[in-house]
Amino acid sequence: MHSAGPCGLMMPHKYTGNLPEIFQSQAGVPDFKYQQIYGDVVRIKGPFGEDRLLISDPKALQYIFHTSGTLPAPSEMTVSNFGTQGYGFLKWPERTEISRILMGRGLLWADAEIHKRQRKVMLPGFGTPECKAFVPIFRRVGAELSAQWSDILASSPDQSAVFNVASWLSRATMDSIGEAAFDYQFGALRNTDNEFMKAYMGLMSDTLGSPPKSAIFMQTVLPIWILQLRSKFSRSRTLVHARHTEQLANAVTRKLVDSKAEALLQGKGNKDILSLLVKANASETASIRLTDEEMMAQMRTILLAGHETSATTLCWVLLELARHPDVQQRLRNEIRETEIAIHARGDADFTAADLENMVFLGAVIKESMRFHPALYQNYRQAAEDNILPLSKPIKTVHGNYVNEVPIPKGIKIILSIAAYNRNTEIFGEDAHTYNPDRWLRQSGEKKGPSLGVYGNLLTFAGGVRTCIGWRFALYEVFALTVEIINNFELLPTPELDRLRREACLVMLPTLEGEQLKGENLPLRVKLASRD
Ligand code: HEM
């Protein structure tokens, strides 16, 4: 296996290894560089020269996400018996500590048995019919955003304006998640002064964007209990922001959980995710049931995981459409043809089936999610000594070729979603080019081992930790893209020369020199002509 160092890559630092380059660069940049020079399995250095791996090999990723760990013997298998299949590689403790600070001890924090138990209770809220039923909510939120943009354009002299699209989408997805997940009106699109929204805006970039070397060092070498004390008492601006958001979120989620439990007692169950979760929890045996603290953590998890990721994904979709006017026009044509068919059959609006049946829309969304995965890396640690199978042989530093790599217990691995999504063996020699048409070619999908739930991308991760909200996210991204492209024309602005893929767990658009202002995607918006 090759190790990083020569060939123009940064030499590892004595104390922090390659981690500053990995965590301070723009999202995906070191991953692509290492992949191009060394291939899909690269040994990098952690603190004090510790070995770590950076992986984008499809077979190794499939093993880690899907088949590592063991199942109980068939004779020992019971309903509550904990099989470890898919849990052979657990999350890095310092990263789960970040999840705990931002979201509490919910699904993104949990691992192994606790994860399996929590996920079982949560799944009923995220099925296909449940997510399809949210489409009218997404469409309503889209219509509200459209109405506000149209008003602003109508009062501008040349009927066009530059919007920070990232801020608008963040507020739109907050309203969507509020209504669909909690039956709650955040009113984020209507009221920009909303205290809750202000706390969530910039939370990721503030707490995780461009960390200084000292923070990277502390996070990796300090024991978890010190990190926990720090998160509780530190006066640093970022941790004060995280604690303030936690207080606001806990106050809202506590009231919501209580009111849903009360509604259930009165037989008034609703269809929002929280109501479904409260119901599913009540029908579980006591040993599996989520505690009150866990229930509130799930709400904070859904709030952050479900709002920032969808908003970011939509940003990258719209950016590519602004950069590729031909693609934008083809998509608008498909949307308008579908709209004519909808009106002809006597319906007023797009249904979930209409959104799914738009082939070019599907190609645009898949390609945008491939090219710009909102979560660009996952972090795992081997629970046991293991052997990692590889798709193709790699050359070791001794010059031998090997088909598998022995993995000692405890080794930390970065699973590069960004680099897998650009793997040329899977997506073709032009994997670094944005091209929705690749999904219309027969060969566009399902090359390589089965990994991800959508287009075999890793954008929603895979296996037991596949994004629980992936169907929710898809319908939301479809619905809002259709609304915006049907009504508006998007154009690039000169500021895009300074656009960064800010690496803060989620890949946010920011502008060079203005990272501290948080997410920013300046696009020029005009009404789309209807000739
Ligand atoms: C396009 C938008 C989205 C993307 C790209 C995305 C991506 C991901 C990824 C990569 C993971 C795995 C993270 C890890 O294991 O560390 C994940 C997990 C998760 N996502 Fe999403 N997500 C999106 C939208 C949503 C939405 C809308 C919701 C909720 C409504 C949601 C809820 C969650 C939850 C709760 C988990 C933890 C699942 C588990 O560990 O079992 N996500 N997501």
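The values are calculated or read from the model by the stated rules, or taken from the named source; none is laboratory data. None of the values given here were measured: they were computed from a predicted structure. Glycine also receives a Cβ, built like all others from the backbone with ideal geometry; neighbour counts cover every protein chain displayed. In case anyone asks, the SASA skips ligands and DNA or RNA and just uses the protein heavy atoms, side chains included. Shrake-Rupley method; radii C 1.70, N 1.55, O 1.52, S 1.80 Å.
About its Cα centre, the chain has a charge dipole of approximately 1160 debye under the convention of +1 per Lys or Arg Cβ and -1 per Asp or Glu Cβ, with nothing else charged. Geometric descriptor of segment 26-67, per residue, is 88 Å³ (volume of the convex hull of the Cα atoms).
With the cut-off at 32 Å, tell me which of the pairs Lys198/Lys412; Lys116/Lys447; Lys392/Lys517; Lys198/Lys409; Lys59/Lys116 have Cα atoms farther apart than that. Too far apart for the 32 Å limit: Lys198/Lys412; Lys392/Lys517; Lys198/Lys409.
Between the amide H of Lys412 and those of Leu53, distances stay under 5 Å, these residues lying 5 or more places away or on another chain, with hydrogens modeled in the peptide plane. So if I take the centroid of the Cα atoms in segment 315-346 and the same for segment 222-270, what is the distance between those two points in Å? Cα centroid to Cα centroid, the span is 40 Å.
Dividing the mean sequence gap of close Cα pairs (under 8 Å, 6+ apart) by how many residues the chain holds gives a relative contact order of 25 percent. Close amide H contacts of Leu508 (hydrogens built in the peptide plane, cut-off under 5 Å, sequence separation of 5 or more or a different chain): Glu502. Across segment 373-498, the fraction of Cα-Cα pairs farther apart than 18 Å, rounded to a whole number, is 69%.
Please report the carbon-and-sulfur percent of the accessible area for the chain; probe 1.4 Å, protein heavy atoms only, DNA, RNA and ligands left out.
55 percent
Seen through its C-alpha gyration tensor, with square-root eigenvalues sorted a ≥ b ≥ c, the chain comes out rounded because a/c lies under 1.5.
Enumerate by residue number the GluC sites (Glu not before Pro) in segment 439-499 meeting two conditions: DSSP loop (anything except H, G, I, E, B), and at most 16 other Cβ atoms within 10 Å of the site's Cβ. Passing both the DSSP loop test and the Cβ count: Glu445. State the Cα centre-to-centre distance between segment 158-194 and segment 115-131 in whole Å. For segment 158-194 versus segment 115-131, the Cα centre distance is 26 Å. Couplings 3J(HN,Hα) of segment 516-531, computed from phi: 5, 6, x, 4, 8, 9, x, 10, 7, 10, 10, 5, 7, 5, 10, 5 Hz, in residue order, whole Hz [Karplus 6.51 cos²θ - 1.76 cosθ + 1.60, θ = phi - 60°; x for Gly and Pro].
The HN-Hα couplings worked out from phi for segment 402-409 by the Karplus form 6.51 cos²θ - 1.76 cosθ + 1.60 (θ = phi - 60°) are 10, 9, 8, 10, x, 10, x, 3 Hz, whole numbers, x standing for Gly and Pro. What you get for segment 315-390, charging only the Cβ of Lys and Arg (+1) and of Asp and Glu (-1), is a dipole of about 240 debye around the Cα centre. Think of it as helices only: each DSSP H run of n ≥ 4 in the chain is worth -39500 (n - 2.57), and spread over all residues that comes to -15000 deg cm²/dmol at 222 nm.
Sparse packing (at most 13 other Cβ atoms within 10 Å of the Cβ) combined with a DSSP loop state is found for the following trypsin sites (Lys or Arg not before Pro) in segment 239-337: Lys268, Lys271. Counting Lys and Arg as +1 and Asp and Glu as -1 over every other residue whose Cβ lies under 15 Å from the Cβ of Thr396, the net charge comes to -1. Here the 3J(HN,Hα) profile of segment 373-383, calculated from phi with Karplus coefficients 6.51, -1.76 and 1.60 at θ = phi - 60°, is x, 4, 9, 9, 9, 10, 10, 9, 9, 5, 6 Hz, Gly and Pro shown as x. Ordering Ala215, Trp470, Asn435 by Cα displacement along the dipole of the chain toward the positive end leaves Ala215 in first place; charges were set at the Cβ atoms of Lys, Arg (+1) and Asp, Glu (-1). Accessible surface computed residue by residue for the chain, with neighbouring protein chains in place and a 1.4 Å probe, gives 42 Å² per residue.
Give the separation of the Cα centroids, segment 493-510 to segment 379-421, in Å. If you average the Cα positions of each part, the centres end up 31 Å apart. For the chain, the membrane-span-like helix rule (DSSP H, alpha carbon extent of at least 20 Å along the helix axis, mean Kyte-Doolittle at least -1.0) picks out 135-154, 165-182, 237-265, 292-323, 325-344, 470-487; this says nothing about an actual membrane. Amide H to amide H distances under 5 Å link Phe488 with Ala528, where only residues 5 or more positions off or on other chains count and H is placed in the peptide plane.
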